[in-house]
Amino acid sequence: MKVAEIYKSVQGEGLLTGTPSVFVRASGCNLRCWFCDTPFTSWQPEGTDYAVDEIVAEIEEWDCQHVVLTGGEPMLFAELIPLAESLRASGRHITVETAGTLFLPVECDLMSISPKLSSSGPDAEQFPHWHRRHERQRFQPEVIAQLLEQHDYQLKFVIDHAGEIEEVEEFLSHFSGIQGDRVLLMPQGTTLEELQPRSAWLEPICIEHGWTFCPRKQIEWFGPVRGT
Ligand code: SF4
């Protein structure tokens, strides 16, 4: 499994915000979001091939109960299955962070699904191949339905502009029984200057819909710094 980085930090997004966690960041992604905040796992993937045992050994060096298996897209790697199994057997809490386009029968305590909306794709003229591929792959309702059915979940949307709210509603209409408080809307941006104006209109929209507003606390705490 190609891994870009393994580090300990504090979860900055979602229902477990504030929880000390070890992050295992898989390198490689089947999508190419224009706003990707980890381009070193997508546009210019970098990293080292690790065996499952090697990853487990590194995680064990940290005194930490929570592990986040993220990317890139970790569901690209079948090794995720024995990795999560082994970590859970040692009593750790596992979050898997995925865009929800690929399915693996992986065991975890929280499936954090971040579906990509129609404006997430790369520029069609500059990146025609990736634009087509991203658009073809970004919404896989059967995969989302399976993940929702099999796991405790959160659905985390990155919102760039207010026009995307209707698209979130349309997305949710494909699935039944989704808990509103498990729908998290997060402003797009990697600096406080970008996040603050979007947060100002996004938070009231979340309250109005019974969704959860999701600030990106890691930007506030650490800035746009790799390994945090
Ligand atoms: S799905 Fe995630 S890792 Fe992949 S390109 Fe989009 S933001 Fe980056």
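The values are calculated or read from the model by the stated rules, or taken from the named source; none is laboratory data. Computed from a predicted model, the values in this text were never measured in an experiment. Cβ sites come from the backbone with ideal geometry, for glycine too, and all protein chains shown count toward neighbours. SASA here: full protein model, heavy atoms, side chains in, ligands and nucleic acids out. Shrake-Rupley method; radii C 1.70, N 1.55, O 1.52, S 1.80 Å.
Observations
- Filtered residues of region 181-202 (kept if open to solvent by 30 Å² or more (accessible area, probe 1.4 Å) and under 23 Å from residue 151 (Cα atoms)): 181, 182
- Selection count, region 23-61, where residues are in contact with a Leu (Cβ under 9 Å, 6 or more places away or on another chain) and closer than 13 Å to residue 99 by Cβ: 5
- Of the residues screened, residue 40 is one that is in a helix (DSSP H, G or I), touching a Gly at 6+ places or on another chain (Cβ under 9 Å) and within 16 Å of the ligand (Cβ to nearest atom).
- Residue within region 170-177 that is in contact (Cβ under 8 Å) with a residue 40 or more places away in the chain and surrounded by 15 or more Cβ atoms within 10 Å (Cβ to Cβ) present: yes
- Taking the numbered list (1) aliphatic (A, V, I, L, M); (2) farther than 28 Å from residue 107 by Cβ; (3) open to solvent by less than 40 Å² (accessible area, probe 1.4 Å) in turn, residue 144 passes all entries but (2).
- The lone exception for residue 149 - which of (1) in a helix (DSSP H, G or I); (2) more than 23 Å from residue 103 (Cβ to Cβ); (3) of a type in the set (D, E, K, R) it fails: (2)
- In the set (1) without any contact (Cβ under 8 Å) to a residue 12 or more places away in the chain; (2) away from the ligand (no atom under 11 Å from the Cβ), the condition left unmet by residue 19 is number (1).
To keep it simple, each residue is scored yes or no on (1) touching an Asp or Glu at 6+ places or on another chain (Cβ under 8 Å); (2) surrounded by fewer than 19 Cβ atoms within 10 Å (Cβ to Cβ).
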site	(1), (2)
115	no, no
118	yes, yes
126	no, yes
152	yes, yes
156	yes, no
204	no, yes
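- Complete set of residues in region 70-99 that are open to solvent by less than 40 Å² (accessible area, probe 1.4 Å) and either touching a Ser or Thr at 6+ places or on another chain (Cβ under 7 Å) or among the polar types (S, T, N, Q) (or both): 70, 71, 72, 73, 74, 75, 95, 96, 97, 98, 99
- The listed residue being within 21 Å of residue 98 (Cβ to Cβ) and either touching a residue at least 24 places away in the same chain (Cβ under 8 Å) or part of a helix (DSSP H, G or I) (or both), out of 161, 134: 134
- Filter result (more than 10 Å from the ligand (Cβ to nearest atom) and within 19 Å of residue 5 (Cα to Cα)) within region 94-111: 94, 95, 96
- Region 51-65, subset open to solvent by 40 Å² or more (accessible area, probe 1.4 Å) and in contact with a Lys or Arg (Cβ under 8 Å, 6 or more places away or on another chain), residue farthest from the ligand (Cβ to nearest atom): 65
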